[in-house]
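For reference, the structure is listed below as structure tokens.
A short reminder: the numbers here are calculations on the coordinates, not readings from a lab. This structure is a prediction, so every number in the text was calculated from the model and none was measured. Note that each Cβ is placed from the backbone with ideal geometry, even for glycine, and that neighbours are counted across all protein chains shown.
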């Protein structure tokens, strides 16, 4: 996976740190003292994955221009780690720092506006909860730290959170069911927290929402959808369906040209396209030579591993108020360990039956619940809504039967993006 940023700023170039040459200590209940700029040295961090937040003479963001939302103050004495720079190695480090915001005692941290970072805590926690996506998470951390350091400012004396002319439009590629839509929602919340978007709300659309019934109708229909996304995110799912490999669809060209014009001219608006990488190259980007460079960021979500599928299954079970034998207190540690190994083995052996990943896990869980309902009909209440290995195996059998029926029904059909033509 590569992380692209226009104007040749890569993840390597985000590995900056400031070496502050000062012997003065400061009370962590007060803001750091101003430093003599001649005593400040810029150094390149040899480890680009380790990012240090730095102290600056001026605030990066004007907290008065940040979100008007009420933000709760950090409770209790401020942590000792606030006395010196900390390394930002993962999402947890950003969350930990953001939670230290206090409207009176701790507004900034080495030049970083903690109010902005506090607003980022919620979307960062959502990002952390997503299974997998390790490279995506790492690159998004780099991007957030880039903005927190004010590198996107138009002028050095600009204290307000105003993005420059760099476009934020994004491509998310990957197979079905790997969380592309969820990632898009989180990106909208991240950019809203940083003041780049005014609402952060996301509208998910497809071909039917953008393509008109006759020539000339498509442009106005597409523009209407874009206008409706002002301040938020336009998420075009399966964007390859807008065109075809031959590039002869005049309706598609009208839609894509309208979109391309807005990508350049509009600022309070983020466009995310999602789908298979090869299909997007053949059926979307091929329609306009300038289209590709307008999508600054690219995230490729890899297929889930068996262990990640198991985590998704267990998370879904817990989220819906159900449980597994791992949650039964009366079971011994050895029994729970055996149950965990059995579930792990189940997903390793049957990974090929879940090509749509998250969507397939939802179907599997539904079938498990249905079989479970029959099995526990006359059992005690404490036995209900606790999935056993038998529930999973029997639910899987039904899942496979339904899958075979669907596969047979669609046996001679190709993916729509390969043959779409008007």
Relative packing of 287-293, 169-175, which averages over residues the other C-beta atoms within 10 Å, highest first: 169-175, 287-293
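So if each residue of separation counts as 0.36 nm, and I subtract the Cα-Cα distance between residue 333 and residue 351, what length gain in nm does that give?
Numbers: separation 18, 0.36 × 18 = 6.48 nm, distance 2.69 nm.
Result for the pair: 3.8 nm of gain on full extension.
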Calculated over the stretch 306-409: convex hull of Cα atoms, volume per residue (Å³): 96
Rounded Å value of the spacing that divides the Cα centres of the stretch 354-386 and the stretch 228-279: 39
Residue 201-residue 128 pseudo-label distance in nm [points 7 Å out on the Cα-to-Cβ vector]: 2.9
Fully extended contour minus Cα-Cα distance, from residue 315 to residue 261, at 0.36 nm per residue: 15.3 nm
Size of the stretch 222-356 as Cα extents on the principal axes (Å, biggest first): 63, 33, 22
FRET efficiency, 1/(1 + (r/R0)^6) with R0 30 Å, evaluated for residue 223 and residue 86 via beta carbons: 0.05
Label-to-label distance, nm, for residues given as residue 375 and residue 340 (7 Å Cα→Cβ offset): 2.1
Label-to-label distance, nm, for residues given as residue 366 and residue 209 (7 Å Cα→Cβ offset): 2.2
